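Okay, so here's the structure we're looking at.
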Amino acid sequence: MLQTLPERVLITSFVACILWSPTTQADTYAEARADLFAAYQAGDFPAMRQAAQNSLNARPGYPGALFNRALAEVLDGDDDAAMATLDRIVNKQINFGVENIEEFVALKEHAGWDQYLAAIARISEPVGEADVAAESDQSDFIPEGIAVDAVGDIILGSIRHGTFLIDPGEVPEMTMGPFGHWSVFGMRFDSRGGLWFASSRVPQFAGSSDRSAYKAGLFRYDPESLDISNFARLPVVDGDQVLGDLVIADDDTIYTTDSIDGPVYRYSITGREFLTLVPKGVFGSPQGLVLDASGEYLYVADYIGGLYRVRLDEGVVEKVVPPDSISDFGIDGLYRHGNRLIAIQNGIQPHRVVALSLSDGGDAIESVEILAMNLSQFDEPTLGAVVGDSFYFVANSHWNRFDSENKLPEGLTGPIVLRVLLK
C-alpha cells in the first residue's frame with residue numbers, strides 16, 4: 001500500500017522518492033538521508049558518497065540506500081565502485097532501471113556493463129507457475145485483502161469502496177457491505193467462522209463512511225447475522241493511522257500493525273482494548289505479521305526496515321538477519337507455511353512472492369525461493385492466504401495506478417486471485 005519506485009522519473013524526484021519515509025522520529029538514517037539530498041543538490045558528490053554510506057550503515061542492505069550510493073559513486077566519477085554497487089543490487093534480484101537514467105550513462109562504457117544488462121534481463125523474465133483461482137470483471141473494485149474459508153470460498157476486500165466480493169467470478173458473485181467502515185485491508189477468519197478485518201480511512205477510499213474523527217479500526221463480520229457483530233475503533237492520535245493487517249492469536253487476542261504511525265498493537269476482544277506491543281518509533285512502516293509455530297514470537301515485516309520478530313511475553317524486538325544475497329525489504333503480506341515465511345514483496349522491483357526459509361532458531365533467513373515474479377497478471381500484488389499447501393494472493397491491487405488526485409485510469413482489469421503450490 002505504500003509508495004513504490006517508478007522505473008523512470010527525473011533524477012531529483014527519484015532521490016526524493018527513495019528518501020521518503022513515513023516515520024516522523026529523528027534517527028541516524030533520517031539524518032544521513034537529509035545530508036545526502038543536501039549534498040546532491042549542492043553538487044558535492046564526495047559528501048554525497050559519505051552520506052550515502054552513512055545511510056547504508058544505519059539501514060544495512062536497504063535497496064534505496066544502495067542505489068543512492070551507486071548514484072553518488074557514478075556522479076563522483078568512480079565508475080568501478082558504482083558498478084560494484086549495482087552488481088550487489090542486481091544480485092539481490094532488484095532492478096532500479098538505471099539503464100534508462102541519464103546520470104548512469106558513463107557506465108555504458110564500463111567493462112562490466114554488458115554483464116549487468118544480462119543480469120537485468122534474467123530477473124525480468126517470468127518466474128514460477130500460478131493458477132488463476134478466481135477473477136472478476138468488477139474493474140473498480142480495487143482489491144487489497146483476501147480470506148479463504150474452510151470450504152475454499154474466496155472473499156476479497158476493496159480499498160476503493162469498502163465492499164466485499166464473495167466467490168469472485170462465480171455466477172452469481174455476491175458483493176456486500178460496507179458496514180460503516182472504510183477501506184478493507186487485512187482479513188482473517190476466527191475459530192467461529194467470523195471474518196475479522198482491518199479497515200482504515202485512506203485518501204483512496206471513495207465510499208461513504210463514519211465521518212467522526214476515527215481513522216482506523218478492527219471489525220468482525222458475522223456470517224449468521226449478515227452484519228458487523230464486533231468493532232473496535234483505534235484511539236485517535238495526531239497524524240495518519242492505517243491498520244493494514246492483522247493476525248488472530250486466539251479467541252481473545254488479535255495483533256495488528258499501523259503502517260503509517262508505526263506501532264504494533266495487541267487487541268483484547270473481551271476487554272475491547274488496544275494495548276501497545278511495540279511503540280511508535282521502532283518500526284518505520286510495519287505491514288504483514290504472522291505468529292511462529294510456538295506462539296512465542298510475532299514476525300513483523302517493516303516495509304522500510306526489513307523482517308523482525310517480537311517476543312510476545314516481553315515485547316522485545318529482534319532483527320531477523322538475512323544473507324547479503326537476499327532483500328527482506330518491501331514486504332507487504334506475510335504468512336507462514338511450516339518453517340517458511342511466505343512474503344509478498346511489492347516495495348522492490350520486480351514484485352514477487354517468495355518463501356523465506358528460517359534457521360532452526362528462527363532468528364535468521366537461510367535461503368529464499370522465488371515462487372512467482374513478473375507474471376502477466378501482476379499489477380502490485382498485496383495480501384494473501386495460506387490454505388493447506390496452497391497460497392492464494394491478490395495479484396492486481398492497482399495501488400500503483402492511483403494518480404496524485406487519487407483517481408484511477410479507465411480499462412483496469414478486475415480482481416485476479418492467483419494460487420501457487422507450496423512444497
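The residues of the stretch 221-238 include none that are crowded, with 21+ Cβ neighbours inside 10 Å and among the charged types (D, E, K, R).
Conditions (1) over 19 Å from Gly384 (Cβ atoms); (2) among the hydrophobic types (A, V, I, L, M, F, W, C), marked per residue:
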{"site": "Gly288", "(1), (2)": "no, no"}
{"site": "Tyr297", "(1), (2)": "yes, no"}
{"site": "Val320", "(1), (2)": "yes, yes"}
{"site": "Ser325", "(1), (2)": "yes, no"}
{"site": "Asp328", "(1), (2)": "no, no"}
{"site": "His337", "(1), (2)": "no, no"}
{"site": "Gln345", "(1), (2)": "no, no"}
{"site": "Pro350", "(1), (2)": "no, no"}
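Kindly indicate whether Arg340 is more than 17 Å from Gln287 (Cα to Cα), surrounded by 17 or more Cβ atoms within 10 Å (Cβ to Cβ) and among the basic types (Lys, Arg). Spelling it out, Arg340 is indeed more than 17 Å from Gln287 (Cα to Cα), surrounded by 17 or more Cβ atoms within 10 Å (Cβ to Cβ) and among the basic types (Lys, Arg). Being at pLDDT 95 or above and hydroxyl-bearing (Ser, Thr, Tyr) is the filter here, so list the residues in the stretch 271-290 that pass it. Answer for the stretch 271-290, where residues must be at pLDDT 95 or above and hydroxyl-bearing (Ser, Thr, Tyr): just Thr276. Considering only residues that are outside any loop (DSSP other than H, G, I, E, B) and in contact with a Leu (Cβ under 8 Å, 6 or more places away or on another chain), which ones fall in the stretch 82-103? Within the stretch 82-103, Ala82, Met83, Thr85, Leu86, Arg88, Ile89, Val98, Glu99, Glu103 meet the criteria.
Inside the stretch 296-319, residues that are outside any strand (DSSP E or B) and more than 19 Å from Thr28 (Cα to Cα) make up a count of 6. Kindly indicate whether Thr276 is assigned by TED's automatic domain parsing to the domain that holds Val394 and in contact with a Pro (Cβ under 8 Å, 6 or more places away or on another chain). It is true that Thr276 is assigned by TED's automatic domain parsing to the domain that holds Val394 and in contact with a Pro (Cβ under 8 Å, 6 or more places away or on another chain). The single condition among (1) in contact with a strand residue (DSSP E or B) (Cβ under 6 Å, 6 or more places away or on another chain); (2) buried (at least 21 other Cβ atoms within 10 Å of the Cβ) that Pro178 does not satisfy is (1). Kindly provide the set of residues from the stretch 242-266 that are within 15 Å of Lys215 (Cα to Cα), of a type in the set (Asp, Glu) and part of a strand (DSSP E or B), ordered by number. Asp245, Asp258 - these are the residues of the stretch 242-266 that are within 15 Å of Lys215 (Cα to Cα), of a type in the set (Asp, Glu) and part of a strand (DSSP E or B).
Among the residues that make up the stretch 351-360, is at least one of them closer than 25 Å to Ser139 by Cβ, touching a Phe, Trp or Tyr at 6+ places or on another chain (Cβ under 7 Å), surrounded by fewer than 22 Cβ atoms within 10 Å (Cβ to Cβ) and not assigned by TED's automatic domain parsing to the domain that holds Ile94? For the stretch 351-360, residues closer than 25 Å to Ser139 by Cβ, touching a Phe, Trp or Tyr at 6+ places or on another chain (Cβ under 7 Å), surrounded by fewer than 22 Cβ atoms within 10 Å (Cβ to Cβ) and not assigned by TED's automatic domain parsing to the domain that holds Ile94: absent. Across the stretch 181-216, what is the number of residues that are of a type outside the set (Lys, Arg), at pLDDT 85 or above and more than 24 Å from the chain's Cα centre (by Cα)? Qualifying residue count for the region: 3.
Considering the stretch 257-279, and only residues there that are touching a strand residue (DSSP E or B) at 6+ places or on another chain (Cβ under 8 Å) and in contact (Cβ under 8 Å) with a residue 60 or more places away in the chain, the residue that is farthest from Met187 (Cα to Cα) turns out to be Gly262. For the residues Ala301, Ala293, the requirement of being closer than 24 Å to Leu421 by Cβ, assigned by TED's automatic domain parsing to the domain that holds Asn230 and surrounded by 21 or more Cβ atoms within 10 Å (Cβ to Cβ) singles out Ala301. Cβ-Cβ below 7 Å, separation at least six or inter-chain, first residue in the stretch 162-179 and over 17 Å from Ile416 (Cβ atoms), second among the aromatic types (Phe, Trp, Tyr) and not in a strand (DSSP E or B): which pairs? Close Cβ pairs (under 7 Å, with a partner that is among the aromatic types (Phe, Trp, Tyr) and not in a strand (DSSP E or B)) amount to Gly162/Trp182; Gly162/Phe205.
Residues satisfying the criterion are present in the stretch 83-105 (criterion: surrounded by 17 or more Cβ atoms within 10 Å (Cβ to Cβ), in contact with a Pro (Cβ under 9 Å, 6 or more places away or on another chain) and charged (D, E, K, R)). Tell me, yes or no, whether the stretch 14-22 has at least one residue that is hydroxyl-bearing (Ser, Thr, Tyr), modelled with pLDDT of 50 or more and either within 22 Å of Gly284 (Cβ to Cβ) or under 24 Å from the mean Cα position of the chain (by Cα) (or both). No - not one qualifying residue is present in the stretch 14-22.
The values are calculated or read from the model by the stated rules, or taken from the named source; none is laboratory data. This one's a predicted model, so the numbers in the text were calculated from it and none came from an experiment. Heads up, the Cβs are rebuilt from the backbone with ideal geometry, glycines too, and the neighbour counts pull from every protein chain shown.
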